[in-house]
1. Only four residue types carry charge here, +1 at the Cβ of Lys and Arg and -1 at the Cβ of Asp and Glu. Report the dipole size of the chain about the Cα centre in Debye, rounded to the nearest 20.
2. Using a 1.4 angstrom probe on the protein heavy atoms only, could you order Thr45, Thr116 from most to least accessible area?
3. Test of understanding: what is the full-extension gain from Val84 to Ile25, defined as 0.36 nm times their sequence separation minus their Cα-Cα distance?
4. Give the residues of segment 60-79 whose amide nitrogen is closer than 20 Å to a point set 7 Å from the Cα of Thr94 in the direction of its Cβ.
5. Averaged per residue, what accessible surface does segment 1-138 expose to a 1.4 Å probe, in Å²?
6. Amide H to amide H under 5 Å from Arg139: which residues, 5+ apart in sequence or cross-chain, H placed 1.01 Å off N in plane?
7. Between Asn3 and residues 5 or more places away or on another chain, which pairs have amide H atoms under 5 Å apart, with H built 1.01 Å from N, and which residues are they?
8. Report the one residue of Ile143, Ala153, Ala119 whose Cα lies farthest in the direction of the positive end of the charge dipole of segment 119-168 (charges on C-beta: Lys and Arg +1, Asp and Glu -1; origin at the Cα centre).
Amino acid sequence: MDNFSEQLVVKTRTASDTAKALGIIAAMAVVAAACVFFVIQQGLTILLVVAVGVVIGGVWLLRGIGVEYEYIVTNKELDIDKIVGKRKRTRMITVDLSQAIDFYGYSEKDGEYDTTVYATNGLETDAYCLIVQHSDYGRVNIIFNPNECTKEAISREFPNTLRVRMKKDAK
């Protein structure tokens with residue numbers, strides 16, 4: 001029987017994201033106003049095209065601030081994609097869940113990892129860590145926010161020793 005789960009997680013906006021948006025809006029307004037001012041003063045109508053281009057470019061940049069993560073479990077693989085501005089999708093990592101070493105609620109637990117992948121919504125309260133041995137990246141620590149359906153789909157593909165240990169820890 002196939003094992004499939006999809007989940008989309010929206011990263012919460014930070015103060016940095018808001019500052020970037022305000023900076024883009026301010027720059028867009030100043031440049032567009034300057035172009036319109038020079039059109040009125042000097043009659044340089046070509047600057048209207050520049051003003052429209054600046055507004056279009058600013059809107060394009062503003063749409064690129066939002067970030068989402070998609071977790072896709074297909075049989076024994078977990079794919080994590082990063083979606084920027086709902087227009088650009090990048091595969092962050094694909095892991096074989098049968099190579100999982102540990103799965104636990106997020107904590108500041110130190111460990112020896114070759115790579116760490118952050119694919120969270122920005123809130124650490126419901127985040128989880130998945131430790132996997134990867135053929136290209138070595139020991140990988142994935143920090144993400146799976147819902148119950150995704151956690152169940154992931155845990156179905158764990159090695160038996162990890163599933164037994166997780167049941168023991170739950171008791």
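The values are calculated or read from the model by the stated rules, or taken from the named source; none is laboratory data. Note that the coordinates shown come from a computational prediction; the quantities given were computed from them, not determined experimentally. As a convention, Cβ positions derive from the backbone with ideal geometry for all residues, glycine included, and neighbour counts pool all protein chains shown. Just so you know, the surface numbers come from the protein's heavy atoms only, side chains and all, with ligands and any DNA or RNA stripped out. Shrake-Rupley method; radii C 1.70, N 1.55, O 1.52, S 1.80 Å.
1. Details: 20 positive and 21 negative charges, 78 e Å.
With only Lys, Arg, Asp and Glu charged at Cβ, the dipole is about 380 debye.
2. Descending accessible area places them as Thr45, Thr116.
3. Gain on extension, Val84 to Ile25, equals 19.3 nm.
4. Residues 69-79 qualify, since their backbone N sits under 20 Å from the label point.
5. Value for segment 1-138: 61 Å² per residue.
6. Asp114, Thr115, His134
7. Asn75
8. The residue sitting farthest along the positive end of the dipole is Ala153.
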